[in-house]
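This report refers to the structure that appears directly beneath it.
Read-outs throughout are calculated quantities, based only on the coordinates presented, and are distinct from any laboratory measurement. Just so it is clear, the model here is predicted, and its values are computed rather than measured. Counting neighbours? That spans all protein chains shown, and the Cβs are built from the backbone with ideal geometry, glycine included.
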Amino acid sequence: MLRGVHIPSHKKWKLLLLALILVQRIHDLVGPLTITKGFVTPELNKQLKGKPQNQHLYGEAVDYTVVKDGKIDYEAMETSLAYVKSTLSPAVGECVEHRDPEGRLFMVHLSLPDHRRCGVFSVRRYRNDG
């Protein structure tokens with residue numbers, strides 16, 4: 001249960017895979033991660049204006065940042081991203097970089113390979129200019 005929300009068993013297994021294969025390895029490299037988004041219900045996805053096929057709905061995606069002393073650790077974020085690209089890419093379906101107007105990496109979205117899509121590792125960049 002997550003705040004009174006039932007998570008089906010097949011989604012729990014995907015969340016466990018995310019935690020063991022991706023999140024724990026990144027944590028071991030750079031230290032504690034702040035998970036900004038994990039599993040979402042259809043209702044929450046709608047409130048967040050998420051896409052209808054959002055992988056967070058299936059327990060297949062996680063968004064994270066690294067915060068130290070109350071601030072984003074940009075160096076640790078870049079280290080984690082380089083590690084994902086060089087080492088974890090076989091276990092990742094999609095890696096989305098979120099950067100601020102100065103080009104600093106402040107959040108990473110990772111998902112498991114998705115049978116609903118091509119299943120090829122891809123990297124996208126978003127710049128938050130607002």
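Points to keep in mind about this one:
- Projected label distance in nm at GLU102 and ILE35, using a 7 Å step from Cα toward the beta-carbon: 3.0 nm
- Qualifying trypsin sites (Lys or Arg not before Pro) in the range 33-97, where qualification requires a DSSP coil assignment and no more than 10 other C-beta atoms within 10 Å, comprise LYS49.
- Placing R0 at 30 angstrom, the Cβ-Cβ distance between LEU17 and GLU78 gives a FRET efficiency of 0.75 after rounding to 0.05.
- Amide H contacts of MET107 (H built 1.01 Å from N, under 5 Å, at least 5 apart or other chain): HIS98
- Relative contact order, whole percent, for the range 33-127 stands at 26, derived from Cα pairs under 8 Å and 6 or more residues apart.
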